[in-house]
1. Could we say that N122 is open to solvent by 50 Å² or more (accessible area, probe 1.4 Å) and at pLDDT 90 or above here?
2. Which members of segment 1-42 meet the condition of being under 25 Å from E57 (Cβ atoms) and part of a strand (DSSP E or B)?
3. How many of the residues in segment 93-111 are modelled with pLDDT under 80 and surrounded by 13 or more Cβ atoms within 10 Å (Cβ to Cβ)?
4. Which residues, counting only those in segment 43-70, are farther than 14 Å from F10 by Cβ, aliphatic (A, V, I, L, M) and assigned to a helix (DSSP H, G or I)?
5. With respect to E72, determine if the residue is free of Cβ contacts under 8 Å to residues at least 40 places away in the same chain and either in contact with a Lys or Arg (Cβ under 7 Å, 6 or more places away or on another chain) or not small (G, A, S) (or both).
6. Quick check, is N73 at pLDDT 95 or above and exposed (fewer than 14 other Cβ atoms within 10 Å of the Cβ)?
7. Looking at (1) farther than 21 Å from K118 by Cβ; (2) open to solvent by less than 10 Å² (accessible area, probe 1.4 Å), can you tell me which one I21 breaks?
8. What pairs come out if I take residues in segment 1-14 that are surrounded by fewer than 17 Cβ atoms within 10 Å (Cβ to Cβ) and pair them with residues that are aliphatic (A, V, I, L, M) and assigned to a loop (DSSP other than H, G, I, E, B) whose C-beta lies under 9 Å away, six or more apart or interchain?
Amino acid sequence: MINNKPVVAFVCVHNSCRSQIAEALGKHLASDVLYSCSAGTETKPQINQDAVRLVEEMYPISMKNQYSKLIENIPTPDIVITMGCNVKCPVLPCKHREDWGLMTLLAKAMMNFINVIKTIENKILDLSHRIK
């Protein structure tokens, strides 16, 4: 818990796209009830620039200062949300765990990005309502 809010860790392998989107939207949509962060088992030198651009176009927020982080460099999570990487994520002690089963965004199809961003938005809103 940070500031009496559960810490939610959005975890993906590289922490460069879906988990970064979830962190940004978690901070934007649910900061009143969640402390959102993201991390990966590996890092990338830069987060996905299509994700940065689309999130900025769709919401009044910027992801330009976000960066890829390893799971050992985030606060201890109360809730772990995996993005659906189809890989074995490391065990992070937590009180609650979910896998959101989101498609990998390796293809450059913008509709895929937009659909995943909207799915993340809906899942964050649902999670924040369950926590309230």
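The values are calculated or read from the model by the stated rules, or taken from the named source; none is laboratory data. The structure presented is a predicted model; accordingly, all values stated were derived computationally and were not measured. Here the Cβ is made from the backbone with ideal geometry for all residues, glycine too, and neighbour counts use every protein chain on show. Note: accessible area is taken over every heavy atom of the protein model, side chains too, but ligands, DNA and RNA are not part of it. Shrake-Rupley method; radii C 1.70, N 1.55, O 1.52, S 1.80 Å.
1. On the way: open to solvent by 50 Å² or more (accessible area, probe 1.4 Å): yes; at pLDDT 90 or above: yes.
Answer is yes for this residue.
2. Step one: list which residues in segment 1-42 are under 25 Å from E57 (Cβ atoms), which gives 8, 10, 12, 14-32, 34, 36-38, 40.
Matches in segment 1-42: V8, F10, C12, S36, C37, S38, G40.
3. Here is the first cut: in segment 93-111, the ones modelled with pLDDT under 80 are 103-111.
Filter once more, so that each one left must be surrounded by 13 or more Cβ atoms within 10 Å (Cβ to Cβ): 103-105.
The total comes to 3.
4. V52, L54, M58
5. Working: free of Cβ contacts under 8 Å to residues at least 40 places away in the same chain: yes; either in contact with a Lys or Arg (Cβ under 7 Å, 6 or more places away or on another chain) or not small (G, A, S) (or both): yes.
Yes: the conditions hold for E72.
6. Numbers: at pLDDT 95 or above: no; exposed (fewer than 14 other Cβ atoms within 10 Å of the Cβ): yes.
When the stated conditions are applied, N73 does not pass them.
7. Failed condition: (1).
8. Sorted first by the residue in segment 1-14, then by its partner, the pairs are K5/V33; K5/L34.
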